[in-house]
1. May I ask you to list the lysines whose Cα is less than 20 Å away from that of LYS264, ignoring any residue fewer than eight positions away on the same chain?
2. Could you give me the radius of gyration and the Dmax of segment 127-272, taking only the C-alpha atoms into account and expressing both in angstrom?
3. Apply the Karplus parameterisation 6.51 cos²θ - 1.76 cosθ + 1.60, with θ equal to phi minus 60°, to every residue of segment 159-174 and state each ³J(HN,Hα) to the nearest whole Hz, in sequence, with x for glycine and proline.
4. Can you put ASP52, ASP87 in order of Cβ neighbours within 10 angstrom, beginning with the fewest?
5. So, in Å, what gap is there between the alpha-carbon centers of segment 43-70 and segment 224-272?
6. Could you list MET221, MET172 in order of exposure, starting from the residue whose Cβ has the fewest other Cβ atoms within 10 Å?
7. Working from the pairwise distances between different alpha carbons, so that the mean of 1/r is found and then inverted, what is segment 47-169's Kirkwood radius in Å?
8. Per residue of segment 248-260, in order, report the coupling 6.51 cos²θ - 1.76 cosθ + 1.60 (Karplus, θ = phi - 60°) as ³J(HN,Hα) in whole Hz, putting x for Gly and Pro.
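The numbers here are math on the coordinates, done by the rules we state, and not lab data. Keep in mind that this is a model prediction, so the values were computed, not measured. Neighbour counts are summed over all protein chains in view; Cβ atoms, including those assigned to glycine, are modelled from backbone coordinates with ideal geometry.
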Amino acid sequence: MDASKTKVLLVVGALILFVLLFITSKTAPIEQEDGHDHIAQGATVSADATVDVYVGLATKILTPTQKKYFDKLQVEKKNDSLAAFWDRLKRPDLASFYLEEKAKVEKTADAWFKAGNRYYYAVQFSQDKTEIPVLYQSALRSFNNGLALDPKNIDARIMQASCYVEGTSEPMEGVSRLREIEKTDSNNVKLQLTFAFFSLKSNQLDKAIKRFNKVVEIDSMYIEAYLHLADAYEKQGETYKTIASLQQYSGKTEDVTAKIEINKYIQQLKQK
C-alpha cells in the first residue's frame with residue numbers, strides 16, 4: 001500500500017472498506033524526536049491573523065439566496081448559525097472563524113478549545129496554501145486563550161504544542177511542551193499518538209512503532225493503533241508483524257465489513 005501522500009483516517013460504518021490511511025506531511029522532517037534539527041514549514045504570520053479575508057472572498061461567490069441568508073445571520077450575530085452555514089458549504093475553515101467569534105463573546109475555556117480544534121482540523125481541508133499558516137495561528141491563539149482560563153487542560157496543551165510544531169517557525173517550542181507533559185502524564189493516549197504521528201511524518205518508523213505500541217499498552221481497545229502499526233511494519237518490510245497487527249485489529253473490531261476487508265488483505269500478504 002502506497003501511503004506516502006494520503007491522510008490518516010479510518011472510515012467506519014456500514015459501508016466501510018479496509019482503509020489504512022496515513023498523515024500527510026505539512027511540515028519539513030522532524031529529524032529527531034529528541035529535539036534536534038526540528039524544522040517547521042509554517043510561514044510566519046501575525047499572532048492576530050484571522051481568516052476574515054477568506055470569508056470575504058467566499059461571500060463573493062455565494063448565490064443571491066445564500067448571500068441574503070448570510071447577511072441576515074451576520075446582522076443578528078448568530079455565530080453558531082454562521083458556523084453551521086459554512087459547514088453546510090463544506091468550508092470548515094470559515095466555520096471555525098465564527099466559533100472563534102462565539103468564544104470571544106462567551107469567554108469560556110471550552111468555547112476557545114472548540115474554536116482551536118476546529119481551526120486545527122480545518123487545515124486538512126484547505127485548498128489555499130496561503131491560508132494554512134493563518135489557520136494554525138488562529139488555532140494557536142484560540143488554545144492560548146482557552147489555556148489562560150483552564151491551564152491544566154492536558155488535551156488543549158497537547159493541541160497547543162502541535163500547533164507550534166506543525167504551523168510555526170518554532171517547532172522546538174512545541175516539542176518542549178510535549179515533553180513537559182510527558183514527564184507527568186506519560187500514559188496519555190493523545191500525547192503518545194501525537195508523538196507517533198510526528199515520527200511517521202519524518203519517516204522515523206522505529207519511533208512511531210514504539211509510540212503506537214505504547215498506545216495499545218495503555219488502551220488495548222484503541223484499535224486504530226493496530227492499523228498504524230501494520231502500516232509502519234509494512235513500510236519496514238516486516239510482513240509477519242504487519243499480519244500480526246492486522247489480526248489483532250480484526251480480532252477486536254466489531255465492524256463486520258471492516259473485518260472482512262482486513263482478512264482479505266491479510267490473505268494477500270500471506271501470498272506474497
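1. Reachable lysines: LYS235, LYS241, LYS252, LYS272.
2. For segment 127-272, the Cα radius of gyration and maximum Cα-Cα distance read 17.8, 56 Å.
3. Working through the residues one at a time gives 5, 4, 5, 4, 4, 4, 5, 8, x, 9, 8, 10, x, 5, 4, x Hz.
4. On the way: ASP52 12, ASP87 15.
The most exposed by this proxy come first: ASP52, ASP87.
5. Their Cα centres are 43 Å away from one another.
6. Values: MET221 7, MET172 17.
If I rank by nearby Cβ atoms, fewest first, I get MET221, MET172.
7. Working: mean 1/r = 0.0689 Å⁻¹.
Averaging 1/r across every pair of different Cα atoms and inverting gives 14.5 Å.
8. Ordered by residue, 3J(HN,Hα) equals 5, 4, 4, x, 10, 6, 9, 7, 4, 5, 4, 4, 4 Hz.
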